[in-house]
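Asker: Below: one structure in structure tokens.
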Amino acid sequence: PIMSDSAYDALIRQLKEYEEAHPEEKYPNSPTTRVGGNPTSSFDKIKFPVKMLSLKNAFTDEEIRNFMNNTKAGNVGYIVQPKLDGLTLVLWYKDGLIVRAATRGNGEVGEDVTANAMYIHGIPKMVEDKEAFMVRGEVVMHHDDFKRLNADRQEAGKPLFANERNVAAGSVRQKDASITASRSLHFYAYDVPGSDKFTT
């Protein structure tokens, strides 16, 4: 975090007061419009313009060498990173604003979870690039946040959650966005599907 919760809350209050005084200047994606969204009874289906393939794990040097030897992509470079265990999310940006978010689903069709995505840390609501593009990443819950959540549930006499991955996936797919907002979720981007505009 770049500031304390109290400093953030003070800025949100200041923004809300300004928007009430100047409604014509309020952005559609303003942080003041994210809280208290109405529950939805179902998720709309979204067909991806490019297939969102599942990722493979590699546990040994031999598995990595076999993958590289079987890749018919010519002279390419590789990036190796830990595989995050959460829920894949695809984001659409247009005219500098986030316009849609969807789960990976079966790789061809996902579920529209745009309202819930507005509550996830690490998802920019506005970007400098005005071109339309997609971003793929993973929604996860950090270990410390998971421990705190389960401690709160235990104190309240509620059943404990089994693991971070299930909480992250279940929280994004809530029909009531206020439940998503109550969980500490984080998004990590790793791909720009269907685009060759980025070189790194």
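The values are calculated or read from the model by the stated rules, or taken from the named source; none is laboratory data. If you're wondering where the values come from, they're calculated on a predicted model, not measured in any experiment. Every residue, glycine among them, receives a Cβ derived from its backbone with ideal geometry; neighbour counts consider all protein chains shown. Just the protein is used for accessible areas: all its heavy atoms, side chains included, with ligands, DNA and RNA removed. Shrake-Rupley method; radii C 1.70, N 1.55, O 1.52, S 1.80 Å.
Asker: Excluding residue 102 itself, calculate the net charge of residues whose Cβ lies under 13 Å from the Cβ of residue 102, where each Lys or Arg counts +1 and each Asp or Glu counts -1.
Answerer: Counting the neighbours of residue 102, the net charge comes to +2.
Asker: Still on this structure: Counting heavy atoms of the protein chains only and a 1.4 Å probe, report the per residue accessible area for the stretch 104-160 as a whole number of Å².
Answerer: For the stretch 104-160, the solvent-accessible area averages 56 Å² per residue.
Asker: Gap in Å between the Cα centre of the stretch 52-72 and the Cα centre of the stretch 115-135?
Answerer: Distance between centres, Cα-based: 30 Å.
Asker: Specify whether the C-alpha gyration tensor of the stretch 122-192 places it in the rounded, prolate or oblate class, a ≥ b ≥ c being the square roots of the eigenvalues: rounded for a/c under 1.5, otherwise prolate if a/b is larger than b/c and oblate if not.
Answerer: Prolate.
Asker: Per residue of the chain, what 222 nm ellipticity follows from adding -39500 (n - 2.57) for every DSSP H run with n ≥ 4, rounded to the nearest 500?
Answerer: Result for the chain: -8500 deg cm²/dmol, rounded to the nearest 500.
Asker: For residue 56, which lysines qualify as cross-link partners when the Cα separation must be under 21 Å and same-chain residues fewer than eight apart are set aside?
Answerer: Excluding near neighbours in sequence, the set is 72, 83.
Asker: Under 10 Å, Cα contacts only: if you run a Gaussian network model on the chain, which one of 25, 111, 164 comes out with the highest mean-square fluctuation?
Answerer: 25
Asker: Now for a different question. If you roll a 1.4 Å probe over the stretch 112-160 with all protein chains in place, what percent of the accessible area is carbon or sulfur?
Answerer: 53 percent
Asker: Please state, to two decimals, what the Cα-based radius of gyration of the chain comes to when divided by 2.2 N^0.38 Å (N = residues).
Answerer: Compactness ratio reported: 1.17.
Asker: Just 166, 75, 150 to compare: in a GNM of the chain, with alpha carbon springs under 10 Å, which one fluctuates most?
Answerer: Among 166, 75, 150, the largest GNM mean-square fluctuation belongs to 75.
Asker: For residue 45, give me every one of the lysines with a C-alpha distance below 22 angstrom, ignoring sequence neighbours fewer than eight places off in its own chain.
Answerer: 94, 125, 175
Asker: Please state the charge dipole magnitude for the stretch 153-197, taken about the Cα centre, from unit charges on C-beta atoms (+1 on K and R, -1 on D and E), reported in debye and rounded to the nearest 20.
Answerer: Dipole of the stretch 153-197, to the nearest 20 debye: 180 debye.
Asker: Compare 87, 160, 149 in a GNM of the chain, Cα atoms joined below 10 Å, and give the one with the largest fluctuation.
Answerer: Among 87, 160, 149, the largest GNM mean-square fluctuation belongs to 160.
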